[in-house]
Amino acid sequence: MKFGTKAIHKGLNEGQSTGAIIPPIYQTSTYIQKAPGDHKGYEYSRTKNPTRTALENNIAAIENAIHGFCFGSGMGAIDTIIKLFKSGDEIIANNDLYGGTYRIFTKIYSNYGIVFHFVDLSDPENVKNFINAKTKMIWIETPSNPLMNITDIQSVADIAKENKILLGVDNTFASPFLQNPMDLGADIVMHSATKYLGGHSDVVMGALVCNDDELAEKLSFIQNTCGAVPGPQDCFLVLRGIKTLHLRMERHSENGKRIAEYLKSHPKIDKVYWPGFEDHPNFEVAKIQMRDFGGMISFTQKDGSLETAVNFATRTKLFALAESLGGVESLVGHPATMTHAAIPLEEREKTGVVNSLIRLSVGVEDVEDLINDIEQALG
Ligand SMILES: *Cc1c(COP(=O)(O)O)cnc(C)c1O
């Protein structure tokens with residue numbers, strides 16, 4: 001079955017008794033039992049809720065995975081993964097991560113004795129320098145946020161398998177329509193469903209998928225024990241969002257290409273970061289592991305001052321200045337003061353998240369209007 005069909009149909013019929021074509025919002029905390037332990041698969045909504053089950057199965061299906069789990073946020077999903085590990089374990093991650101991921105690694109889990117190594121994984125071989133007997137997971141984000149670096153998932157997966165290390169992939173930026181890390185050898189795929197999966201800027205949620213039954217058992221145990229679960233209304237919203245994921249991603253990618261090319265040819269622009277350019281250092285990898293290149297673009301102006309960047313971000317009219325990404329409406333962000341403010345300046349500059357960097361989440365509006373908006377904001 002192809003992507004659009006799976007997005008619309010898969011996983012939805014669990015617990016249906018009325019024939020409703022859409023899974024209802026089961027706004028219930030508990031379920032009546034006939035006798036102790038004699039129930040219809042649902043006991044308490046932290047453990048399982050039918051609206052959430054439908055969504056979990058649906059997300060697993062579009063990521064070509066077997067098991068799915070949803071959480072109250074993307075960070076709740078990442079938190080669940082790290083709880084698989086214990087003090088002394090080591091995790092290798094790429095060095096340009098979503099700011100919140102960097103924060104939970106360094107400000108929370110470092111305190112619990114988990115050791116993190118941040119490595120430039122644009123060459124997957126670099127990971128080998130950090131692998132030792134304590135290494136338990138490699139964590140990658142590709143395309144990365146906000147610099148659109150591409151990591152070769154298949155090559156990292158091969159190294160991880162050789163060394164019996166888990167590979168986790170944050171697939172938020174690509175979405176399951178553009179990239180399926182499970183097919184390339186990942187063990188766990190994570191999404192901030194807040195972004196493209198939800199797609200309408202109206203919900204905060206996270207998701208994990210995996211294939212291995214034993215791993216699924218552990219994730220399910222942590223999900224139920226720690227309780228970072230989403231409510232049924234939010235699950236309904238994300239289920240609705242996913243139905244048009246393929247249509248939205250096609251338009252995000254189309255608009256993204258037009259705007260990336262426009263920026264690249266603009267005399268005031270210095271660097272443009274977008275994986276669809278042939279001169280992107282990992283274009284060949286991106287072309288193989290992604291179906292298209294999406295609508296996330298970062299750039300700097302030749303005038304590299306903080307002020308010029310902030311001026312741009314406050315002058316756009318259609319691109320709303322806001323955190324987040326992946327919704328139908330276009331957003332502009334200033335990573336240094338917004339999403340990546342938790343990362344110290346010297347760390348940021350090492351990886352290229354300079355004060356003049358601007359990030360665009362290109363929406364699905366008419367691209368001519370978006371280009372006009374950028375034009376006047378640069379003017
Ligand atoms: C937003 C985001 C997260 C965190 O997700 P929340 O839903 O905001 O908790 C993690 N990774 C990436 C790449 C993100 O963009």
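Here are some notes:
- Top-ranked residue of the stretch 336-356 - restricted to ones that are of a type outside the set (Val, Ile, Thr) and within 15 Å of Ala313 (Cα to Cα), ranked as nearest to the chain's Cα centre (by Cα): Met338
- Any pair with Cβ under 8 angstrom, 6 or more apart, that starts in the stretch 35-51 at a residue that is within 23 Å of Leu219 (Cβ to Cβ) and ends at one that is of a type in the set (Lys, Arg) and open to solvent by less than 60 Å² (accessible area, probe 1.4 Å): Ser45/Arg52
- The residues on offer are Val156, Val169, and the sole one that is closer than 23 Å to Gly326 by Cβ and either part of a loop (DSSP other than H, G, I, E, B) or among the aliphatic types (A, V, I, L, M) (or both) is Val169.
- Residue in the stretch 27-36 that is in a loop (DSSP other than H, G, I, E, B) and surrounded by 14 or more Cβ atoms within 10 Å (Cβ to Cβ) present: yes
- Just one residue in the set Lys302, Lys317 is basic (Lys, Arg), within 30 Å of Phe177 (Cα to Cα) and more than 16 Å from the ligand (Cβ to nearest atom); that residue is Lys317.
- Looking across the stretch 202-232, the residues that are of a type in the set (Gly, Ala, Ser) and either in contact with a helix residue (DSSP H, G or I) (Cβ under 6 Å, 6 or more places away or on another chain) or open to solvent by 30 Å² or more (accessible area, probe 1.4 Å) (or both) come down to Gly206, Ala207, Ser220, Ala228, Gly231.
- Taken over the stretch 352-368, the criterion of being more than 18 Å from Leu247 (Cβ to Cβ) and out of contact with any Leu (no Cβ under 6 Å at 6 or more places or on another chain) is satisfied by Val353, Val354, Ser356, Leu357, Ile358, Arg359, Leu360, Glu368.
- Scoring Ala54 on the criteria (1) under 20 Å from Pro176 (Cβ atoms); (2) in a loop (DSSP other than H, G, I, E, B) leaves a single failure, condition (2).
- Complete set of residues in the stretch 172-212 that are among the acidic types (Asp, Glu) and assigned to a loop (DSSP other than H, G, I, E, B): Asp187, Asp202, Asp212
- Here Ala133 passes the criteria (1) touching a residue at least 24 places away in the same chain (Cβ under 8 Å); (2) in a loop (DSSP other than H, G, I, E, B) except the one numbered (1).
- Taking the listed residues Leu360, Leu306, Leu378, the one that is among the hydrophobic types (A, V, I, L, M, F, W, C), over 19 Å from Ser253 (Cα atoms) and touching a residue at least 60 places away in the same chain (Cβ under 8 Å) is Leu378, with no other qualifying.
- Scanning the stretch 88-105 for residues being more than 14 Å from the ligand (Cβ to nearest atom) and farther than 20 Å from Thr151 by Cβ gives a total of 2.
- Subset of the stretch 181-196 (residues that are open to solvent by less than 10 Å² (accessible area, probe 1.4 Å) and either touching an Asp or Glu at 6+ places or on another chain (Cβ under 7 Å) or near the ligand (Cβ under 10 Å from one of its atoms) (or both)): Val189, Met190, His191, Ala193, Tyr196
Table: residues versus (1) on the phi > 0 side of the Ramachandran plot; (2) of a type in the set (Phe, Trp, Tyr); (3) outside any loop (DSSP other than H, G, I, E, B).
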position: Asn58; (1), (2), (3): no, no, yes
position: Ala65; (1), (2), (3): no, no, no
position: Gly68; (1), (2), (3): no, no, yes
position: Phe85; (1), (2), (3): no, yes, no
position: Gly88; (1), (2), (3): yes, no, no
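- Qualifying residue in the stretch 109-121 (condition: in a helix (DSSP H, G or I), at pLDDT 95 or above, within 16 Å of the ligand (Cβ to nearest atom) and crowded, with 17+ Cβ neighbours inside 10 Å): yes
- Residues of the stretch 57-106 that are without any contact (Cβ under 8 Å) to a residue 40 or more places away in the chain and either farther than 20 Å from Pro181 by Cα or under 14 Å from the mean Cα position of the chain (by Cα) (or both): Lys86, Ser87, Ile104, Phe105, Thr106.
The values are calculated or read from the model by the stated rules, or taken from the named source; none is laboratory data. These figures come from a predicted structure and were not determined experimentally. Neighbour counts are summed over all protein chains in view; Cβ atoms, including those assigned to glycine, are modelled from backbone coordinates with ideal geometry. Remember, those area values only see protein heavy atoms, side chains included, never the ligands or the DNA or RNA. Shrake-Rupley method; radii C 1.70, N 1.55, O 1.52, S 1.80 Å.
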